[in-house]
Amino acid sequence: MPPRTAFVVRFGNLLFRYRSYIPIPLFLLVVVFARFDALYLVAGIILVLLGETLRFIGVGYAGSATRTTEVGADTLVVAGPFAQMRNPLYVGNIMLGVGLAVGGGGLMPWLPLGYLIFISLYYYFIVRAEEDFLRRKFGAQYEAYYAAVPRFFPRLTPWQGRSGHRMSAGIALRSERRTFQTIIIMAVALALAMIAKVHWLHWDF
């Protein structure tokens, strides 16, 4: 493996281990600069719902393996959204994060744009690490999948080389509890920040 590729893979593995915590500072910026705007709020809610729907369906096919702290996979999932893009969970996460930044209404459009650029680079390294693992483990099977299905932008039709995995809403509900809790905490934090700012602006000195 070339030294540059080896560095990318090592860095991606490191980011993967701490992927749940790295976006927190960016979200804190969203809270600090939160500003109520009905149009941005509605747009943000729509993005969050779309992102979590994509995540929920993807987790229903991939199972609890999505909650590991090390890059790995027991089987190659090529079903549901994975038959149209290779990383639907990360696309869902990007939509969630950008949706929260848009819904926060602060520093528009620079904060959502900055978040999008940061999180896209962040996932680029993680995805490269995952691709290296999957290529070594599944060989030609993964190479065919890699060639036929894009990383992030979905095919119009599912790839015909789909696996036999089935969607399980029960597994998705159990696995996504932490994500639901995080979304609720973030929504409450944004709401409180907006309310506090409205009261501060109308404070009678």
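The values are calculated or read from the model by the stated rules, or taken from the named source; none is laboratory data. As the structure is a prediction and not an experimental result, all values here were calculated from the model. Here the Cβ is made from the backbone with ideal geometry for all residues, glycine too, and neighbour counts use every protein chain on show.
Things to note:
- Filtered residue count, segment 78-104, keeping only those that are in contact with a Gly (Cβ under 8 Å, 6 or more places away or on another chain) and not in a helix (DSSP H, G or I): 2
- Checking each residue in segment 15-25 for being touching a helix residue (DSSP H, G or I) at 6+ places or on another chain (Cβ under 8 Å) and under 12 Å from residue 93 (Cβ atoms) picks out 19, 22, 23.
- Comparison of 116, 100 shows that the only residue that is surrounded by fewer than 23 Cβ atoms within 10 Å (Cβ to Cβ) and farther than 27 Å from residue 163 by Cα is 116.
- Of the residues making up segment 51-63, at least one is among the acidic types (Asp, Glu) and crowded, with 19+ Cβ neighbours inside 10 Å.
- Residue check for residue 71: buried (at least 21 other Cβ atoms within 10 Å of the Cβ) and touching a residue at least 60 places away in the same chain (Cβ under 8 Å): no
- Any helices (runs of 4 or more DSSP H) falling wholly within segment 131-205 and containing at least 3 residues that are at pLDDT 90 or above and within 30 Å of residue 36 (Cα to Cα): 177-201
- Of all residues in segment 8-44, those satisfying the criterion of being in contact (Cβ under 8 Å) with a residue 60 or more places away in the chain and either in a loop (DSSP other than H, G, I, E, B) or on the phi > 0 side of the Ramachandran plot (or both) are 19, 22, 23, 33, 34, 35, 36, 37.
- Residue 107 vs. criteria aliphatic (A, V, I, L, M), in contact (Cβ under 8 Å) with a residue 12 or more places away in the chain and on the phi > 0 side of the Ramachandran plot: yes
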